[in-house]
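Comments concern the structure below.
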Amino acid sequence: MANVTVETDHLPGHSLEADRVPGHWLLARLGKTVLRPGGRQLTESLLAELDVAGSDDVLELAPGLGSTTELLLERAPASYTGVDRDPDAAARVGALANTANARVIQGTAAETGLGDGSVSVAL
């Protein structure tokens, strides 16, 4: 996996004072790049258990900085859809998911536009 460089002026919530920014983005400002509980080790265990393969259609909710996105895309799923309500996060992950079978939506989990049963892996 490539290292994710964190430029604090491009993070979601970058214009907010520290006492107003959501906790996970504050941690990102401090250099934490895997914002999932359990960190990278648990994320890798989760992905190993999910066994994402080339036949999978993957939905990732709140991909944030894109660390898990990179790990998912290394597994070359049939399709990848990331959904993040923060426009800066969506743009950041969109730049990482720059392949024909990947797309990133700026919106909420309720706004994916995906039909029932259209994904085989969701996280």
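Packing order of peptides 62-75, 83-96, 100-113, highest average first: 62-75, 83-96, 100-113 (average count of other Cβ atoms within 10 Å over each peptide's residues). Treating r as the C-beta distance of ARG85 and ARG40 and R0 as 22 Å, the FRET efficiency rounds to 0.40. With a ≥ b ≥ c the root eigenvalues of the C-alpha gyration tensor of the stretch 34-89, is it rounded (a/c under 1.5), prolate (a/b larger than b/c) or oblate? Here the stretch 34-89 falls in the oblate category.
Modelled spin labels at ASN98 and GLU49, positioned 7 Å past Cα toward Cβ, are 3.4 nm from each other.
Values in this text are rule-based calculations from the coordinates and carry no lab data. Fair warning: this is a prediction, and the values are worked out from it, not measured in the lab. No Cβ is skipped: glycine too gets one built from the backbone with ideal geometry, and neighbour counts run over all protein chains shown.
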